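A.B. asks: Submitted below is the structure of interest, expressed as structure tokens.
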Amino acid sequence: MNWDKKDLLGIKELSKEEILLILNTADSFKDISKREIKKVPTLRGKTVITLFYEPSTRTRTSFEIAAKRLSADTINISASTSSYVKGETLKDTAKNLESMKPDAIIIRHSMPGAPHMLSKIVDSSVINGGDGAHEHPTQALLDLYTMREKKGKIDGLKIAIIGDIAHSRVARSNIFALKHFNTEIICSGPPTMIPPYLDSLGVRVEYDMNKAITNADVIMMLRIQKERGGISYIPSIKEYSTIYGLKKEHVKKAKKDVIIMHPGPMNRGVEITDEVADGPYSVILDQVENGVAVRMAILYLLIGREA
Amino acid sequence: MKILIKNGRIIDPRHGIDEKLDIYINGNIIERIDKHIGEKGGNVRVIDASRHIVSPGLIDVHTHLREPGYEYKETIKTGTMAAAKGGFTTVVCMANTDPVNDNKSVTEFIVKQSKLEGVCRVFPCGAITKGLKGEELSEMGEMYEAGIVAISDDGKSVKNAELLRKALEYARLFAIPAISHCEDEDLSKGYVHEGHASLLSGLEAIPSIAEEIIVKRDITIAEYVGSPIHLTHISTGGSVEAINKAKKQYRKITCDTCPHYFTLTDEATLTFDTNTKVNPPLRSKEDVAAIKEGLRNNTIDIIATDHAPHDFTSKDVEFNIATYGISGLETAFALSLSLVREGVLTLNELLKRFTVNPAKLLNLPYGELAPGKAADLIIFNPDKEWIVDKDKFQSKGKNTPFHGWKLKGKNLLTIVDGNIVYRDNTF
């Protein structure tokens, strides 16, 4: 299996073989972060730009660390410090960046399709770091990596995704990825946060979270997307946390070896209690750790090999 | 000038003509339609239309010419050149210009500019409310005197039902129809149709009920006050069903759809091509089937273009912030001819929806071929294949999702008021 794509725009465009190639490649990069000298020369002389129009801590840092551990030079551009605030369009920003010959651009944007637009303008590899409610492919890949690492396999898993499904790019990308495997996916959340036609993706919708998490191997909690108007879909945060906040007693309904995942940032006390987030079933920090290895793998596959 | 069109297959739905005849045009009127008309005297331009079809010039009840105010998107000149190329001899231009066509001075400007620079007939549509704001009635009486043939706040619905009621009542004074853009603005905060495709793209979506609620509301108001209502750019199966049902008990309802609503589905938006961003949005394949059925069973009376030309920059941005609309005048007729090949409509029924039905809606003396009538006609070949090239558009708006499509059926010659205003370079 060879990688032949210029960009990583979404999971939707990936085959199962490509997903497995990324996960397997990540395996070989995971050790590097545990060494005393956490650096290999793989991407020496390459330039990686992170272009973030939306706030991010994890994803951007994770990409930057991944690139640096592979010896690439990294430049971070965020909306608040870019010409975006002076009214420059994405197209012009892209053309200007392209003139400086980067090898990869990682873009996060509030509008679906922005990475696709960027990829048509630039010759560099474009990596989607999250576009609106559309996709967040690297998050889904690190989630699958973590599931495989903790459970030994992805096939056969029962995965409950809980929360604001409608506005969640994490949920979409995870569903697209998990559908390549023999998995049972149950989505749960307030009916206003379950998009119409969701079942057409081959997932089961269960409004009652208690039923959704029963016998689950994986519980994936999502945050309310306040920046996408998520708050107007529910009467109050308090009521939401009463009905859909994951508490210790819920976890008992799941399989004994259930893992609790969350893409971050968490709203502690809203969708997840401290006890659960910091408890023995939580793999939330493992996700973050694996994120670096998965993003190293993606950078390597996209720009690390000679043509 | 005298023009003799020989050996064409003449189709005129108004008079039920479909046979090989000659047409003799003297000045700006049709003088004779008959078999084997000879050239009497000199100075007659003879056009051989054998193997082609001659029909009344098409009438578009829904065009945006953008002038005044948005001349960088389109002008009356370029818009009417696009119309002529597409086979249209009459267009109705919507009021959302800058300034809005909500008073007689703007109407007068459009009428004057059309006489000066337009290559086909232009009839303005006046705004229902001042500034399209949905707050006060515009001076439709004065605009009527200046030349409007309909009223519409196209681009949005009149949100206030009481105000719409008053507008429908008041417009009866001039016997002009109201053209209703059906969209509940609270339900339509999105960019694409709400369905499987929007689930995949994550784009904020507009449910079909955003249109259907207003279709039903506007029909209810029109029926209550006894005024005519024309529902424009109908895009959903639910709307077709509601209109079909309502027409059975109230006769003054008409509606139109546009070629993109029976040609494309919401799947086209998955590429994030901003040329597929249009309002109402491209709907599901079930809706497309329902629109075709609505055309077949006469629920949908008219095919309009909703020609919405835009400058390159306003489409060359992220999908969310791109403008809505398709530059449609130059592809509408060819796209519609596929309905004939698919068996949805006969050629005669299709031409009805482009000629006699719009003429009837707007009370215009066009859309027919008869001695003594204006010489507005086209010669087209329904089988001629061509490839859509946006760069060859007469319109300034190159925003088409059909660029590169191979279409079948081409307008070859357009005559408006006895003048040849367009001739295809292959004819």
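All of the numbers you see were taken from the coordinates with simple rules; none came from a lab. No experiment lies behind these values; they were computed from the predicted model shown. Every residue, glycine as well, gets a Cβ built from its backbone with ideal geometry; the counts of neighbours run over all protein chains shown.
A.B. asks: Within a Cβ distance under 15 Å of B:LYS315, other residues only, what is the Lys/Arg minus Asp/Glu net charge?
C.D. replies: +2
A.B. asks: Among the listed pairs B:LYS73/B:LYS398; B:LYS252/B:LYS360; B:LYS285/B:LYS410; B:LYS315/B:LYS390; A:LYS158/A:LYS255, which have their C-alpha atoms separated by more than 18 angstrom in this model?
C.D. replies: Check vs 18 Å cut-off fails for B:LYS285/B:LYS410.
A.B. asks: Determine, from the Cβ-Cβ distance of B:ASN28 and B:ARG341 and an R0 of 30 Å, the FRET efficiency 1/(1 + (r/R0)^6), rounded to the nearest 0.05.
C.D. replies: The formula returns an efficiency of 0.30 here.
A.B. asks: With loop defined by DSSP as not H, G, I, E or B, and exposure as at most 11 other Cβ atoms within 10 Å, which is the longest segment of chain B clear of exposed trypsin sites (Lys or Arg not before Pro)?
C.D. replies: Counting only loop sites that pass the neighbour cut-off, the longest clear stretch is B:252-427.
A.B. asks: Distance in nm between label sites at B:LYS115 and A:ARG44, each 7 Å beyond Cα in the beta-carbon direction?
C.D. replies: 8.0
A.B. asks: Over the whole of B:195-208, what's the average partner chain Cβ count within 10 Å per residue? Rounded to a whole number, please.
C.D. replies: 6
A.B. asks: Rounded to the nearest 5, what is the percent of antiparallel bridges among the DSSP beta bridges in the protein assembly as shown?
C.D. replies: Taking every DSSP beta bridge with both residues in the protein assembly as shown, the antiparallel ones total about 35 percent.
A.B. asks: In peptide A:106-113, how many Cβ atoms from other protein chains are near each Cβ within 10 Å, on average?
C.D. replies: Taking all residues of A:106-113 together, the mean is 5.
A.B. asks: Of the beta bridges DSSP finds with both residues in the stretch A:137-284, what % are antiparallel, to the nearest 5?
C.D. replies: Here the share of antiparallel DSSP bridges comes out near 0 percent.
A.B. asks: Only helical DSSP H runs with n ≥ 4 go in: add -39500 (n - 2.57) per run for the protein assembly as shown, normalise by residue count and round the 222 nm mean residue ellipticity to 500 deg cm²/dmol.
C.D. replies: Only helices count here, giving -9500 deg cm²/dmol.
A.B. asks: In the stretch B:303-387, which GluC sites (Glu not before Pro) fall in coil by DSSP and have 16 or fewer other Cβ atoms within 10 Å?
C.D. replies: Loop-located and lightly packed - B:GLU342.
A.B. asks: Lysines near A:LYS6 by alpha-carbon distance under 17 Å, same-chain residues fewer than 8 away left out - which ones?
C.D. replies: Counting by Cα, and skipping residues close in sequence, A:LYS6 has these lysines nearby: A:LYS46, A:LYS101, A:LYS120.
A.B. asks: Among B:GLY8, B:TYR250, B:ALA197, which residue has its Cα furthest toward the positive end of the charge dipole of chain B, with +1 on Lys/Arg Cβ and -1 on Asp/Glu Cβ?
C.D. replies: Projecting each Cα onto the dipole axis, the largest value belongs to B:GLY8.
A.B. asks: May I ask for the longest run of chain A untouched by GluC sites (Glu not before Pro) that are loop-located per DSSP and have at most 11 neighbouring C-beta atoms (other than their own) within 10 Å?
C.D. replies: Value returned for the longest uninterrupted segment is A:37-305.
A.B. asks: Hey, rough spin-label estimate for B:GLU145 and A:LYS95, points 7 angstrom out along Cα→Cβ, what's it come to in nanometres?
C.D. replies: My value for the distance between the label points is 5.1 nm.
A.B. asks: So how do B:HIS52, B:HIS307 line up by other beta-carbon neighbours within 10 Å, fewest first?
C.D. replies: B:HIS52, B:HIS307
A.B. asks: Over the whole of B:331-340, what's the average partner chain Cβ count within 10 Å per residue? Rounded to a whole number, please.
C.D. replies: That average works out to 0.
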